[in-house]
Ligand SMILES: [Zn+2]
């Protein structure tokens, strides 16, 4: 099913379902999806039924929601649009990384497939967006990112910031304000699990990060980088 045949709402559902499962293996239920979408469980349940009828989702009764092959293809296409637009806004229009998500939410439905391809070409076919999220290629493939959450790294771990969750603009501003950006080298000094903080070293400074910030930052360690690139 091509982009233009889906309603804006359906496009949003497919993209949210795909991204909700991008960084976790936890099964996605109607109630989890309603939290992601900010809609009531009954309207989410209605939409899931409709998308299941269109052959885009499977939904075990009272169980988890999954994309079919056709649903996955449509979802990845939306993710590609979203992330290319975010990249364009930062690279060409001078947006900060905390400003692009909402703008891309609107534009991703408006631009044509032709414009998406033109954007990709002009940007030099980027493989990651301003938050480090992998940008799927036109054929639906996307680079694997073997990063782990900073909050789960043991003391002594050293690696580069590979991804920062773009869920909360405030958190992105906070993280940038600490001098942490994509590719910043970070070392974990100490964890204080009961205080909910982690001490890191970055750019010659020692920083105490709260868990919400450490959860949002993903690190690629030297060991991960040394592995042959997964294509
Ligand atoms: Zn992003």
With (1) in a helix (DSSP H, G or I); (2) loosely packed, with under 15 Cβ neighbours inside 10 Å; (3) away from the ligand (no atom under 14 Å from the Cβ) as the list, and residue 155 as the residue in question, which single condition is left unmet? (1)
Restricting region 51-82 to residues that are part of a helix (DSSP H, G or I) and surrounded by fewer than 15 Cβ atoms within 10 Å (Cβ to Cβ), the one farthest from the chain's Cα centre (by Cα) turns out to be 53
If you take the residues of region 1-19 that are part of a loop (DSSP other than H, G, I, E, B) and at pLDDT below 90, which of them is nearest to residue 33 (Cα to Cα)? 6
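When only residues in region 158-179 that are in contact with a strand residue (DSSP E or B) (Cβ under 7 Å, 6 or more places away or on another chain) and part of a loop (DSSP other than H, G, I, E, B) count, which is surrounded by the fewest Cβ atoms within 10 Å (Cβ to Cβ)? Outline the logic, then answer.
Going through region 158-179, the residues in contact with a strand residue (DSSP E or B) (Cβ under 7 Å, 6 or more places away or on another chain) turn out to be 158-164, 172, 175, 178-179.
Restricting the remaining residues to those that are part of a loop (DSSP other than H, G, I, E, B) gives 178-179.
Values: 178: 17, 179: 12.
Filtering region 158-179 for residues that are in contact with a strand residue (DSSP E or B) (Cβ under 7 Å, 6 or more places away or on another chain) and part of a loop (DSSP other than H, G, I, E, B), the one surrounded by the fewest Cβ atoms within 10 Å (Cβ to Cβ) comes out as 179.
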Out of contact with any strand residue (DSSP E or B) (no Cβ under 7 Å at 6 or more places or on another chain), in contact (Cβ under 8 Å) with a residue 12 or more places away in the chain and either in a loop (DSSP other than H, G, I, E, B) or within 12 Å of the ligand (Cβ to nearest atom) (or both): does that describe residue 143? no
Have a look at 84, 93 and point out the one that is modelled with pLDDT of 95 or more and in contact with a helix residue (DSSP H, G or I) (Cβ under 6 Å, 6 or more places away or on another chain). 84
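I'm trying to understand the selection: among the residues of region 128-140, which are within 13 Å of the ligand (Cβ to nearest atom) and assigned to a loop (DSSP other than H, G, I, E, B)? Working first, answer last.
Step one: of region 128-140, the residues within 13 Å of the ligand (Cβ to nearest atom) are 128-136.
Answer for region 128-140, where residues must be within 13 Å of the ligand (Cβ to nearest atom) and assigned to a loop (DSSP other than H, G, I, E, B): 129, 130, 131, 132, 133, 135, 136.
The values are calculated or read from the model by the stated rules, or taken from the named source; none is laboratory data. The shown structure was predicted, so the numbers you read here are calculated from the model rather than taken from an experiment. Here the Cβ is made from the backbone with ideal geometry for all residues, glycine too, and neighbour counts use every protein chain on show.
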